[in-house]
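Below is one structure, written out as structure tokens, with a few remarks after it.
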Amino acid sequence: MLLSYSADPTKTNEDGLTSLLIVTQASFKNDGMMQLLLEGIKNSPLIYQNLELNTEDRNGDTALHHALANGDWEMAKLLMKNGADPDTFNKVGATPLHVISRNDICTKLEEFFRLVDANYEVKVRVNARDANGNSPLHFAISRDHRPTIELLLSRKADPNVANAAGSTPLHLICDESRDENLARFYLKICEKNHKSVHMNKKDSQGRTPLQLAVKNLQPELCQLLMDYIPDKNLDNFSFPSEYRDIRPVFEATRLEAAANLLWILEILASRKCEPTLDNAMAMLGFLNDHGLFYQGHQRAIEELRQLPEDDSFVVRAQKTELIPGQSLWDLLRLRPGQQQQVIKYSYYSRIARTWELGNLPRLQQRACFAHMHELMLRDFCSKWAAKSHAAMFDHKLIVDDDFSNENLYDICTAREKITR
């Protein structure tokens, strides 16, 4: 009715909002109102001629930005069919495509592209970057929106586009402590679309995706990345100087972190990537900071070993199979230096993830985890204690059963104190 009496829908209120922008606000989520408004405007040729569908609010958002941000696809379609710009950007550089990619509405993204193809001569910029340098693909990767990732790559999204921090989509995958599944999916989709991913591209801090995967203690991700990297590109690989902080620190998270670190070293060693003594000291410092060398449970471990065979703990430990053919009781009876004949680092990681020991009483649980730490880390600590000792003295270090990992760590840090 107001439009029939020449009310002007292009006027703005004190917040800079036109009637069109107001209708697209979340609290007014009403497609019928939008339809009514547009029909009324069309009935007034003079107003329709001067109508600006792309009027921006104080944040630079248009009505289409608002409709998409609020998940109101019907309203977004109305706007696009009436000529709203599908490629305009707001004050932080976000286009409608950024909004869709952030909100995980892939079915709508397909329709968005169909509408653009059918109604617009100019295509949307699939690789447009916002104020932080992020493309729509960066947003889809960060939120693990796999159908959106696949669709964007099929529409010529650049898999190597870097944001303001120098991070490509692959950097984001490796820096957000994910497992290898997203990376595997992403690399396969890139292959399917004949897109080459720059595996050794460095971010603004000089880090490659593989270095980030190592830093974040993701062994299976490291293995996957290395399958795509030729040997010549690993010649100058450098280990990170710090590792992902593990919080909160539980016995299981400690075990998993340490197991994953050693597992990664094993994977890298298979391609002749070996840490230096300084690299190893950074790793040892990480392990120490997270309580992996704590010796407070040694008495409890010895007491568990002395329990009679019919004790309830022993019976339970014998029935708790940690790996095929090996029980918790078998593991508790091992001494440091023997474990690699029985259990691999990948198995320790699995034990931590599956929480096999979660039903044990707290004290017994802590003692079991502490024993696994001691077993698992013995070879690593012995190796670097020997190298540290050799850097200080001419004679060879003899490691016997009386040494704890904490003792070996102290030998390593003694070298650092001397060389300061």
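The values are calculated or read from the model by the stated rules, or taken from the named source; none is laboratory data. These figures come from a predicted structure and were not determined experimentally. Counting neighbours? That spans all protein chains shown, and the Cβs are built from the backbone with ideal geometry, glycine included.
Can you confirm whether L217 is crowded, with 20+ Cβ neighbours inside 10 Å, under 18 Å from R350 (Cα atoms), touching a residue at least 24 places away in the same chain (Cβ under 8 Å) and of a type in the set (A, V, I, L, M)? Outline the logic, then answer.
Details: crowded, with 20+ Cβ neighbours inside 10 Å: yes; under 18 Å from R350 (Cα atoms): yes; touching a residue at least 24 places away in the same chain (Cβ under 8 Å): yes; of a type in the set (A, V, I, L, M): yes.
Spelling it out, L217 is indeed crowded, with 20+ Cβ neighbours inside 10 Å, under 18 Å from R350 (Cα atoms), touching a residue at least 24 places away in the same chain (Cβ under 8 Å) and of a type in the set (A, V, I, L, M).
Out of N127, N163, N119, N132, report the one residue that is touching a His at 6+ places or on another chain (Cβ under 7 Å) and of a type in the set (S, T, N, Q). Full working, then the answer.
Details: N127 fails: touching a His at 6+ places or on another chain (Cβ under 7 Å); N119 fails: touching a His at 6+ places or on another chain (Cβ under 7 Å); N132 fails: touching a His at 6+ places or on another chain (Cβ under 7 Å).
Just a single option satisfies the conditions, and that option is N163.
So that you can scan it fast, the table gives a plain yes or no per residue for (1) in a helix (DSSP H, G or I); (2) basic (K, R); (3) under 23 Å from R350 (Cβ atoms); (4) at pLDDT 90 or above:
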site	(1), (2), (3), (4)
N288	yes, no, no, yes
L292	no, no, yes, yes
G296	no, no, no, no
A300	yes, no, no, no
E303	yes, no, no, no
D310	no, no, no, no
R316	yes, yes, yes, no
L322	no, no, yes, no
W329	yes, no, yes, yes
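Going residue by residue through the stretch 267-283, is there one that turns out to be within 30 Å of G358 (Cα to Cα) and either in a helix (DSSP H, G or I) or in the same structural domain as A367 (by TED's automatic domain parsing) (or both)? Talk me through it step by step, then tell me what you get.
Applying the first criterion (within 30 Å of G358 (Cα to Cα)) to the stretch 267-283 yields 267, 283.
Narrowing the set further to residues that are either in a helix (DSSP H, G or I) or in the same structural domain as A367 (by TED's automatic domain parsing) (or both) leaves 267, 283.
Scanning the stretch 267-283 turns up at least one residue that is within 30 Å of G358 (Cα to Cα) and either in a helix (DSSP H, G or I) or in the same structural domain as A367 (by TED's automatic domain parsing) (or both).
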Query - Neighbours by Cβ (under 7 Å, 6+ apart or cross-chain): first from the stretch 118-136, under 22 Å from E150 (Cα atoms); second assigned to a loop (DSSP other than H, G, I, E, B) and among the basic types (K, R) - result: V126/R155; V126/K156; S135/R129
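Quick grid of which residues meet (1) in a helix (DSSP H, G or I); (2) of a type in the set (K, R); (3) crowded, with 19+ Cβ neighbours inside 10 Å:
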| site | (1), (2), (3) |
| --- | --- |
| L153 | yes, no, yes |
| S167 | no, no, yes |
| F185 | yes, no, no |
| K201 | no, yes, no |
Query raised in the report: Only one of (1) aliphatic (A, V, I, L, M); (2) surrounded by 22 or more Cβ atoms within 10 Å (Cβ to Cβ); (3) touching a residue at least 40 places away in the same chain (Cβ under 8 Å); (4) assigned to a loop (DSSP other than H, G, I, E, B) is not met by I141, so which one is it?
Result: (4)
